[in-house]
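S.K.: Shown below is the structure under consideration.
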Number of protein chains: 2
Amino acid sequence: MKDTEQSIIEAAILIFNEDLSAPLEKVADQAQVTRRTLHRYFKDRKELMDKCQKEIRKACAAAMANAYNTTQNPKERLEAMFYAGLDCGSKNTFLHKLHTLHDHKHQAANEECSEYDHTFELWKGNLQLLLTTGIINQGMTVDWIHNFFQSVVVVFINSQQKGSLARAEARQLAWFSFSKGIGI
Amino acid sequence: MKDTEQSIIEAAILIFNEDLSAPLEKVADQAQVTRRTLHRYFKDRKELMDKCQKEIRKACAAAMANAYNTTQNPKERLEAMFYAGLDCGSKNTFLHKLHTLHDHKHQAANEECSEYDHTFELWKGNLQLLLTTGIINQGMTVDWIHNFFQSVVVVFINSQQKGSLARAEARQLAWFSFSKGIGI
DNA sequence: GAATAATGTCTCAAATATGTGACATTATTC
DNA sequence: GAATAATGTCACATATTTGAGACATTATTC
């Protein structure tokens, strides 16, 4: 039995990632349910949005933690976590987008923001380690690398949507562009 | 005397780039005019959107052509055009976004699409040359590089919006990430 | 297969977004 | 500073989006 609530959330992440103010009907269509059903699961737009964020954090944090634990070596960790991030796809990029919006003021005080920071804590921590030990090019900053990472995920997603590149090939290309792009 | 029409277009590009279905009031606010004034210049949402696309094509195509003509050397051209693209900022990324939307079917027959292709004709042509002569890593494709380019522009824009990185520094970082990322 | 749960259909009221007319106010030009 | 152009304010009609009730239809469970 498929979980309707979950499939609506997945649909919403996909739609909102492209069009933040998209009408809920688009989300319902994407999830192949009626708008009425959507409203049975989510009181209103805000609640749906919140659930999306929670889902993303859960999925990304779990994938990252899992990748983190596959090895002790910081360089290998980087690669494992990179691929984990790729596999999270638009789940990954959506939250990031919300937190880089023009009018968004990022502040650790805000609970949303601190949870966002926490989601990528392990990832950023490992980056910091690679930076201070000089394995990653010195001119880089953690912020730049993190944004760059998110961008490469977008490139990957686009290539998959267009279907012009096989998944495995695209993953390799993505890792190449990312790792070389940060000076490894 | 400032050109109201132009400043509304600039505002719209900024807003729509972040939120495609944003209410026109947001655009008006960003342009520091009332919604009423916006409607005096643009019949409706569609007309505004069309003008945005026209403006982008004009600006990007001009910047690209200009950079193209600074040198004959393909590698130097790549760098010049890259920086030109950076300087076009969100003008650059907005059109690209429209043409990579989930439901967008890209087709040369469509006038919009062919004009889009044309905007980056010189850029893509030069890329192709670098690929066939083996200067750029063989595994790459023109599409991947173009998407990657657009992504790096986004990273650059984000860094500038946050103000955490000086413009000149960010430009250097961007070129490093891009050039290394495509295997130069 | 009866009972229960989930979803769809149709309807409607409220909220929000859109586009325009009428006129006041402010800039600009000569 | 009078004439003109541009913009703002307010009001309004229309269109779209949103959220929920009532009930029919379809799945699921026991």
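S.K.: Quick check: with the 1.4 Å probe, what order do B:87, A:103 take by accessible area, largest first?
M.R.: Values: B:87 80, A:103 105 Å².
Result, largest first: A:103, B:87.
S.K.: Between the range A:102-133 and the range B:123-145, how many Å separate their Cα centres?
M.R.: Cα centroid to Cα centroid, the span is 35 Å.
S.K.: Which of rounded, prolate or oblate describes the range A:112-172 when judged by the alpha-carbon gyration tensor and an a/c cut-off of 1.5?
M.R.: Values: a/c = 2.82, a/b = 1.60, b/c = 1.77.
Judged from the Cα gyration tensor, the range A:112-172 comes out oblate (a/c at least 1.5, b/c at or above a/b).
S.K.: Please say if the range A:87-129 is rounded, prolate or oblate, where rounded means a/c under 1.5 for a ≥ b ≥ c the square roots of the C-alpha gyration tensor eigenvalues, and otherwise the choice is prolate for a/b larger than b/c and oblate otherwise? Each step should come with its number before you reach the end.
M.R.: Details: a/c = 2.02, a/b = 1.18, b/c = 1.70.
Cα axes put the range A:87-129 in the oblate bin.
S.K.: Total accessible area buried between chains B and A, 1.4 Å probe, in Å² to the nearest 100? Walk me through the intermediate numbers first.
M.R.: Working: alone 10280 and 10300 Å², together 17510 Å².
Between B and A, the summed buried area is about 3100 Å².
S.K.: Among B:4, B:30, B:17, which residue has its Cα furthest toward the positive end of the charge dipole of the range B:1-42, with +1 on Lys/Arg Cβ and -1 on Asp/Glu Cβ?
M.R.: B:4
S.K.: Might you report the magnitude of the Cβ-based charge dipole of the range B:1-42 about its Cα centre, with Lys and Arg at +1 and Asp and Glu at -1, to the nearest 20 debye?
M.R.: On the way: 5 positive and 7 negative charges, 47 e Å.
Roughly 220 debye for the range B:1-42.
S.K.: Under the convention of a label 7 Å out along Cα→Cβ, give the distances in nm from residue B:102 to the same position in every other copy, shortest first.
M.R.: 2.4
S.K.: Would you compute, from DSSP H runs of 4+ residues alone, the mean residue ellipticity of the protein assembly as shown at 222 nm, taking -39500 (n - 2.57) per run and dividing by the full residue count, rounded to the nearest 500? Each step should come with its number before you reach the end.
M.R.: On the way: 20 runs with 269 residues, N = 368.
Rounded to the nearest 500, the figure is -23500 deg cm²/dmol.
S.K.: Determine the shape class of the range A:1-129: with a ≥ b ≥ c the square roots of the Cα gyration tensor eigenvalues, call it rounded for a/c under 1.5, and otherwise prolate if a/b is greater than b/c, oblate otherwise. Before the final figure, lay out each step's value.
M.R.: Numbers: a/c = 2.56, a/b = 1.69, b/c = 1.52.
Since a/c reaches 1.5 and a/b is larger than b/c, the shape of the range A:1-129 is classed as prolate.
S.K.: May I pose another question? Compare A:110, A:92, A:126 in a GNM of chain A, Cα atoms joined below 10 Å, and give the one with the largest fluctuation.
M.R.: Checking each option, the largest mean-square fluctuation is seen for A:110.
S.K.: Pull up all non-local amide H partners of residue A:120: gap of 5 or more, or a different chain, and H-to-H distance under 5 Å with H placed in the peptide plane.
M.R.: Amide H neighbours of residue A:120, under 5 Å, 5+ apart: none.
S.K.: Let me spell out the model: positive unit charges on the Cβ of Lys and Arg, negative unit charges on the Cβ of Asp and Glu, origin at the Cα centre of the protein assembly as shown. What dipole size does that give, in debye rounded to 20?
M.R.: 20 debye
S.K.: Ok, one more. Which order do B:146, A:106 take by accessible area at a 1.4 Å probe, largest first? Please report the intermediate quantities before stating the final value.
M.R.: On the way: B:146 5, A:106 90 Å².
My answer, sorted largest first, is A:106, B:146.
S.K.: Give me the lysines in straight-line cross-link reach of residue A:54: C-alpha distance below 18 Å, same-chain residues under 8 apart excluded.
M.R.: Residue A:54 reaches A:43, A:46, A:91, A:97.
S.K.: Same structure again: Please work out the average accessible area per residue across the protein assembly as shown, using the 1.4 Å probe convention, and give it in Å².
M.R.: Details: 17510 Å² over 368 residues.
Computed with neighbouring chains in place, this is 48 Å² per residue.
S.K.: List, by residue number, every residue in the range A:91-106 with a reduction of 20 Å² or greater in accessible area between the chain on its own and the complete protein assembly, 1.4 Å probe.
M.R.: At a threshold of 20 Å² (probe 1.4 Å), the residues of the range A:91-106 that become less exposed are A:97, A:100, A:101, A:102.
S.K.: List the distances, in nm to one decimal, from the label point of residue A:184 to the label points of the same position in every other copy, shortest first, placing each label point 7 Å from Cα along the Cα-to-Cβ direction.
M.R.: 2.3
S.K.: Evaluate the charge dipole of chain B about its Cα centre and quote only its size in Debye, nearest 20, assuming +1 on the Cβ of each Lys and Arg and -1 on the Cβ of each Asp and Glu.
M.R.: Working: 22 positive and 22 negative charges, 53 e Å.
Dipole magnitude for chain B comes out near 260 debye.
S.K.: Averaged over its residues, how many other protein chain Cβ atoms are within 10 Å of peptide A:140-150's Cβ atoms? Could the numbers behind the result be given before it?
M.R.: Values: counts 3, 5, 0, 6, 12, 3, 1, 10, 11, 1, 4.
That works out to 5 on average.
S.K.: List the distances, in nm to one decimal, from the label point of residue A:34 to the label points of the same position in every other copy, shortest first, placing each label point 7 Å from Cα along the Cα-to-Cβ direction.
M.R.: 4.3
The values are calculated or read from the model by the stated rules, or taken from the named source; none is laboratory data. Since the model is a prediction, treat every value here as computed from it, not as a measurement. Ideal geometry is used to build each Cβ from the backbone, glycine not excepted, and the neighbour counts take in all protein chains shown. Heads up: the accessible areas ignore ligands, DNA and RNA and are worked out on the full protein's heavy atoms, side chains in. Shrake-Rupley method; radii C 1.70, N 1.55, O 1.52, S 1.80 Å.
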